[in-house]
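Asker: First the structure, then my questions, so here it is.
The values are calculated or read from the model by the stated rules, or taken from the named source; none is laboratory data. What you are looking at is a predicted structure, and each value in this text was computed from that prediction instead of being measured. Here the Cβ positions follow ideal geometry from the backbone for every residue, glycine too, while neighbour counts run over all protein chains shown. The protein model used for the area step is the full one, side chains on, heavy atoms only, and it has no ligands, DNA or RNA in it. Shrake-Rupley method; radii C 1.70, N 1.55, O 1.52, S 1.80 Å.
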Amino acid sequence: MKQRLLFLLPVLALLSFSIYSSNTIDYPDYFPNPYYNFGNNVLDTTKIELGRILFYDPILSKDSSISCASCHSPYNAFAHTDHDLSHGIRDQIGTRNAPALFNLAWQKEFMWDGAINHLDVQALAPISHPKEMGEEISSVVRKLNDSKEYRRLFYLAYRDSMVTGEHLLKALSQFQLTLISAQSKYDEVKQGRSSFSNQEKNGYQLFQKHCNSCHREPLFSSYEFSNNGLPVDTNLLDFGKWQVSKQSQDSLLFKIPSLRNLSYSLPYMHDGRFRRLTEVINHYTNGITKHPTLAKELQSPIVLNSNEKNDLIAFLLTLNDKKFVFEPKHQFPKNKIP
Amino acid sequence: MRLTAQQKRTIQFIPIFNGAPLKLDTEYYTAKDTILIETLKFYLSEIQFCKDNVVLDRLEKKYHLLDLMHPTSLILKHKSKNDFSSIRFKIGVDSTTNVSGAFGEDLDPTNGMYWTWQSGFINFKLEGRSRQSPARQHRFQLHIGGYKAPFNTLQEVELKTSKKKIILSIDIENLLTDVGLTERYEVMSPSENAVSIARYIAHNIKLKQR
């Protein structure tokens with residue numbers, strides 16, 4: 001059932017260590033083709049491992065207090081649950097909720113407003129954001145070059161002990177690209193290894209009718225941008241994609257998040273305004289605000305009785321991927337942070 | 001002597017202020033202003049030699065980061081053999097590269113020519129102080145970039161020359177007059193201002209005749 005992308009990296013046979021490094025990413029055959037161009041950043045175990053070490057190392061922040069994982073925890077499907085808005089160096093609060101990280105290879109644009117156009121350059125944003133890691137990429141590279149252990153790790157990965165911005169960013173991408181969520185109950189049902197209860201089946205039908213156009217199977221997002229009718233938070237005044245494009249038709253459009261792993265990745269929405277799925281469902285049935293850019297699918301009200309709401313939630317819970325969340329290969333690399 | 005004619009071919013960029021090569025961190029007194037330039041960096045890319053609108057030769061290396069802080073970066077050696085009648089180049093980085101992730105060498109994000117909070121290269125960076133700038137300490141910062149319509153700032157320039165040693169100049173004094181530092185002293189994102197300044201940059205690039 002699995003498609004297998006096999007990347008083999010032939011390494012000069014002269015070198016005494018590994019002659020071949022290989023790695024695979026696995027995903028089910030009902031997934032579309034990834035969008036990420038692996039040809040420009042060929043996956044390789046030593047690079048993935050380097051990326052993992054960097055992801056968990058606070059050396060990337062100004063005062064060595066915050067790592068990527070501080071806001072993207074593996075146990076929260078790489079989101080953050082303690083705070084609705086992100087929490088950075090010197091306890092500063094950002095303006096948005098840290099999204100869960102998985103299936104990134106299928107995404108074209110990043111951040112709630114799409115400000116980032118490629119996964120490889122995404123890390124520049126948190127590293128240099130004054131309220132996140134508050135550091136400059138050139139000083140991160142300097143710090144890494146000052147570390148004997150990192151020079152060794154970069155040498156193992158790139159055959160070049162000189163750390164560069166390009167290699168740092170691409171290694172971070174490598175690790176993040178391996179974060180694939182495809183082992184939920186929904187996936188087992190798809191693969192004929194499990195079946196839905198009646199309640200889940202009913203919820204699935206409601207989902208397909210009301211939600212699938214935006215939260216499209218099997219990734220549970222089209223990864224497009226849309227206005228789902230949330231009233232504007234008058235303190236944050238966040239207008240989403242408009243902030244990037246300055247085009248009025250983009251006002252209040254936010255990136256459509258995947259609905260996989262919702263039990264782990266709360267709170268919900270770009271500003272973390274909801275903590276429970278019932279609040280989310282009630283938003284869709286009773287809370288839609290009609291801004292001029294409201295999505296056409298949500299113009300007429302979604303009507304659900306309380307049984308139907310429960311059924312829909314029961315289906316959403318089949319998208320939780322416990323295997324993904326507890327996968328040891330994704331977690332803190334014990335004893336490995338230099 | 002193994003120095004053949006083709007090896008001597010060079011392109012040199014000389015930023016000019018007040019008729020002479022611009023010096024960083026030096027105060028210039030003009031009729032209306034006192035100006036000091038701290039940073040001048042930009043991308044010179046896709047350099048081609050043409051004749052009758054046909055591209056005869058191009059520099060193998062596509063992107064060159066020219067930084068006045070490192071004067072050697074302003075001189076490019078090349079080996080084109082053909083007789084050409086014009087040189088063509090771009091100021092900035094093309095849109096495909098802008099959406100294709102991280103690169104090394106001249107394009108490495110540690111060079112300070114990549115925006116962090118919104119993807120995209122800074123094509124041209126000019127920073128300093130001017131009495132005309134109302135900002136704190138009279139600073140001005142022009143970070144000109146943007147690869148997407150309607151704010152595409154990439155500029156293409158073509159100049160007639162057949163010289164083996166090409167000297168290009170960019171008049172920074174004129175450029176700043178065109179920009180108007182009283183109004184535009186902090187341009188740091190893709191915008192209408194960035195597009196108009198990108199055009200001024202292209203207009204102020206000339207061949208130095210000798």
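Asker: Quickly work out the residue A:149-to-residue B:58 label distance, labels modelled 7 Å from Cα along the C-beta direction, and quote it in nm with one decimal.
Answerer: It is 4.6 nm.
Asker: For B:172, B:75, what's the largest-to-smallest order of accessible area, 1.4 Å probe?
Answerer: B:75, B:172
Asker: So, one more: What is the distance in Å between the Cα centroid of the stretch A:126-183 and that of the stretch A:198-233?
Answerer: Answer, in whole Å: 35.
Asker: Can you sort A:293, A:278 by 1.4 Å-probe accessible area, starting with the largest?
Answerer: Values: A:293 35, A:278 70 Å².
In descending accessible area the options line up as A:278, A:293.
Asker: Moving on. Taking a probe of 1.4 angstrom, what is the accessible area of residue B:188 in Å², to the nearest 10?
Answerer: Residue B:188 exposes around 70 Å² with every protein chain in place.
Asker: To the nearest Å, what is the center-to-center distance of the stretch B:37-65 and the stretch B:165-210, using C-alpha atoms only?
Answerer: Spelled out, the Cα-based centre of one part sits 17 Å from the other.
Asker: Related question: What does the structure give for A:120-132 when I average, per residue, the other chain Cβ atoms found within 10 Å of the residue Cβ?
Answerer: 4
Asker: Same structure, new question: Once you mark the trypsin sites (Lys or Arg not before Pro) that are in a DSSP loop and have at most 14 other Cβ atoms within 10 Å, what is the longest gap between them in chain A?
Answerer: Longest site-free region, per DSSP loop and neighbour criteria: A:1-107.
Asker: Can you tell me the FRET efficiency between residue B:161 and residue B:32 if r is taken as the Cβ-Cβ distance and R0 is 41 Å, rounded to the nearest 0.05?
Answerer: 0.75
Asker: Counting only other chains, what is the mean number of Cβ atoms within 10 angstrom of the Cβ of each residue in peptide A:107-118?
Answerer: Per residue, the number of nearby Cβ atoms from other chains is 3 on average.
Asker: Moving on. Once amide H atoms are placed 1.01 Å from N in the peptide plane, what residues at a sequence separation of 5 or more from residue B:38, or on another chain, have their amide H within under 5 Å of its amide H?
Answerer: The list, which skips near neighbours in sequence, is B:25, B:127, B:128, B:129.
Asker: At 7 Å along Cα-to-Cβ for each site, give me the label-to-label distance between residue B:73 and residue A:33 in nm.
Answerer: 3.8 nm
Asker: Which GluC sites (Glu not before Pro) from the stretch B:113-210 combine a DSSP loop assignment with at most 11 other Cβ atoms within 10 Å?
Answerer: Those satisfying the criteria are B:183.
Asker: Any idea what the relative contact order of chain B is, in percent, if you count C-alpha pairs under 8 Å spaced at least 6 apart?
Answerer: The value is 24 percent.
Asker: Here's a follow-up. Once you average over the residues of A:160-168, how many Cβ atoms of partner chains fall within 10 Å of each Cβ?
Answerer: The shielding value for this peptide is 4.
Asker: Can you give me the P(r) profile for the protein assembly as shown? Cα pairs, bins 20 angstrom wide beginning at 0, each as a whole percent.
Answerer: 19, 46, 29, 6, 0
Asker: What angle, in degrees between 0 and 90 and rounded to the nearest 10, separates the Cα long axis of helix A:306-317 from the longest principal axis of the Cα atoms of chain A?
Answerer: 10 degrees
Asker: Compute for chains B and A the buried accessible surface, both sides summed, probe 1.4 Å, and express it in Å² to the nearest 100.
Answerer: When B and A are taken together, about 1500 Å² of accessible area is lost.
Asker: In addition: Taking chain B as the reference, fit the longest principal axis to its C-alpha atoms, fit the long axis of helix B:192-203 to the helix C-alpha atoms, and give the angle between the two in degrees, 0 to 90, nearest 10.
Answerer: The helix B:192-203 is inclined about 40 degrees to chain B.
Asker: Give me the aspartates and glutamates in straight-line cross-link reach of residue B:160: C-alpha distance below 16 Å, same-chain residues under 8 apart excluded.
Answerer: List returned: B:52, B:57, B:83.
Asker: Enter the angle in degrees (range 0 to 90, nearest 10) between the Cα long axis of helix A:198-210 and the first principal axis of the Cα atoms of chain A, meaning the one along which they spread out most.
Answerer: The answer is roughly 90 degrees.
Asker: With every protein chain in place, what's the accessible area of residue A:195 (1.4 Å probe, Å², nearest 10)?
Answerer: Only protein atoms counted, so the area is about 80 Å².
Asker: Shape verdict for the stretch B:1-149, please, from the Cα gyration tensor: rounded (a/c under 1.5), prolate (a/b greater than b/c) or oblate.
Answerer: oblate
Asker: Net charge near residue A:143: determine it from the other residues with C-beta under 11 Å of the C-beta of residue A:143, scoring Lys and Arg +1 and Asp and Glu -1.
Answerer: Numbers: positive: A:62, A:142; negative: A:57, A:135, A:136, A:146.
Combined, the nearby Lys, Arg, Asp and Glu give -2.
Asker: While we're looking at this one, here's another question. Can you give the FRET efficiency to the nearest 0.05 for residue B:20 and residue B:199, using r as the Cβ-Cβ distance and R₀ = 41 Å?
Answerer: Details: r = 25 Å, r/R0 = 0.62.
For R0 = 41 Å, the calculated efficiency reads 0.95.
Asker: Report the full-extension gain for the segment residue A:237 to residue A:297: residue separation times 0.36 nm, less the Cα-Cα distance, to one decimal in nm.
Answerer: Numbers: separation 60, 0.36 × 60 = 21.60 nm, distance 2.42 nm.
Fully extending the segment from residue A:237 to residue A:297 adds 19.2 nm.
Asker: Hey, another quick one. Need the C-alpha centroid separation for the stretch A:276-305 versus the stretch A:23-66, integer Å.
Answerer: 36 Å
Asker: Once you have a ≥ b ≥ c as the square roots of the Cα gyration tensor eigenvalues for the stretch B:78-210, tell me rounded if a/c is under 1.5, and otherwise prolate or oblate according to whether a/b is larger than b/c.
Answerer: oblate
Asker: So which of B:32/B:125; A:170/A:241; A:108/A:190; A:62/B:61 end up more than 29 Å apart by C-alpha?
Answerer: On the way: B:32/B:125 23 Å; A:170/A:241 26 Å; A:108/A:190 25 Å; A:62/B:61 35 Å.
Long pairs (Cα-Cα over 29 Å): A:62/B:61.
Asker: Check the straight Cα-Cα distances from residue A:323 and name the aspartates and glutamates below 13 Å, setting aside those fewer than 8 residues away within the same chain.
Answerer: Excluding near neighbours in sequence, the set is A:187, A:188.
Asker: Can you send over the carbon and sulfur percentage of the accessible area for chain B, probe radius 1.4 Å, protein chains only?
Answerer: 48 percent
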